[in-house]
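The values are calculated or read from the model by the stated rules, or taken from the named source; none is laboratory data. In this text, all values refer to a predicted model and were calculated from it rather than measured experimentally. Cβ atoms come from the backbone with ideal geometry, glycine included; neighbour counts cover every protein chain shown.
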Amino acid sequence: MNRKLLLVPVLAVTLLVIWGLTNVSAYRGDYSKQGPNHTEERETSMNKVMEERDYEGWKELMTEDGRNPGVLRKVDSQEDFDKFAQAYELGHEGKTEEANAIREELGLGNGERRGNGGNHGQNRGGNFVDVNNDGVCDRTE
């Protein structure tokens with residue numbers, strides 16, 4: 001078989017893997033990154049609901065297309081959403097320390113990975129299930 005013919009699919013798969021590793025998980029809690037569901041229309045809508053502190057509009061955006069992100073279990077009231085929106089605005093203003101303090105208060109991550117010692121963070125017990133890749137455990141049992 002011709003080695004040149006094999007090179008193209010191998011390179012394509014390698015590039016897709018590299019792209020996936022760098023783009024899919026980097027946005028969590030990092031306001032300079034865009035998430036996998038980003039579109040210009042969605043960004044405009046998200047900015048509007050955050051600015052207007054529209055909790056119901058935000059929930060609608062977050063659950064469109066059948067999504068069920070774990071953040072909805074953490075930010076589950078107008079009061080929590082007001083704090084979340086404040087963190088969103090602070091983060092976009094470059095005030096990440098203040099934004100991360102609010103996110104921590106709400107029980108949300110801030111994009112930092114932890115747990116690289118011993119059994120921590122390796123899900124050896126199999127009890128952490130993150131179906132939608134938002135960094136929040138989606139296990140309901």
From the list Asp80, Asp76, which one is over 14 Å from the mean Cα position of the chain (by Cα), assigned to a loop (DSSP other than H, G, I, E, B) and modelled with pLDDT of 75 or more? Asp76
Restricting attention to region 83-94, which residues are of a type in the set (D, E, K, R) and either more than 20 Å from Glu52 (Cα to Cα) or loosely packed, with under 13 Cβ neighbours inside 10 Å (or both)? Glu93
If you take the residues in region 100-114 that are aliphatic (A, V, I, L, M) and modelled with pLDDT of 90 or more, which one is surrounded by the most Cβ atoms within 10 Å (Cβ to Cβ)? Ile102
